[in-house]
Amino acid sequence: MDDSRPIFRQLAEQIENQIIDGSLVEGAQVPSINEFAAFHRINPATALKGITLLVEAGVLYKRRGIGMFVADGARAALIAERRQTFHVEFIRPLLAEARALGMSADELADLIRKDTTP
């Protein structure tokens, strides 16, 4: 866990990442609040707050008496959301820095291609 951000948000992000990378598939049961709290050595109320974020977002759903599960369509929704924020969080700052350095779009594209070529 990272001290610069709220733990409940980090927990929610960790679960989102597991859904996106496929280690938690749609319909799969997620660990209980108490399991998350014990594993991360955090207060169960903090774990609950992170899980609640995902329930409110429709990523997880509760089956009374059974536990929390990954909702159908959660992976696609998370990917769509991350793609949308990717532009704002990464592309805009990248373009601003490239402009400040006097780089052309072609130079920037060449750098990207160079880093993605095996």
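Readers should treat all values here as calculations from the given coordinates under stated rules, not as data from a laboratory. Note that this is a predicted model, so its numbers are computed, not measured. Glycine also receives a Cβ, built like all others from the backbone with ideal geometry; neighbour counts cover every protein chain displayed.
What is the sum of charges around residue 46, taking Lys and Arg as +1, Asp and Glu as -1, for the other residues whose C-beta is under 13 Å from the C-beta of residue 46?
+4
Check which residues have an amide H placed less than 5 Å from residue 71's amide H, if you skip close sequence neighbours.
Sorted by chain and number, the residues that satisfy this are 27, 60, 61.
Please compute the net charge surrounding residue 114, taking Lys and Arg as +1 and Asp and Glu as -1 over other residues with Cβ under 14 Å from its Cβ.
Numbers: positive: 113; negative: 106, 107, 110, 115.
Taking every Cβ under 14 Å from that of residue 114, the sum is -3.
Return a whole-number percent for the relative contact order of the stretch 1-55, with Cα pairs under 8 Å and 6 or more residues apart as the contact set. Please report the intermediate quantities before stating the final value.
Working: 38 pairs, mean separation 23.1, N = 55.
Relative contact order for the stretch 1-55 comes out at 42 percent.
Can you pull a Stokes-Einstein diffusion coefficient for the chain at 20 °C (1.002 mPa s), Rh from Kirkwood over Cα pairs, as a whole number of µm²/s? Could you put the intermediate results ahead of the total?
On the way: Rh = 16.5 Å.
The calculation lands on 130 µm²/s.
How do 87-93, 7-13 rank on mean C-beta neighbours within 10 Å, highest first?
In decreasing order of mean packing, 87-93, 7-13 become 7-13, 87-93.
I'd like the trypsin sites (Lys or Arg not before Pro) in the stretch 11-82 restricted to DSSP loop residues with at most 12 other Cβ atoms within 10 Å, sorted by number. Don't skip to the answer; put the middle values down first.
Working: sites: 41, 49, 62, 63, 64, 75, 82; in loops: 41, 64.
Answer by residue number: 41, 64.
Find the relative contact order for the chain and round it to a whole percent, using C-alpha pairs within less than 8 Å whose residues are 6+ positions apart.
For the chain, the relative contact order is 23 percent.
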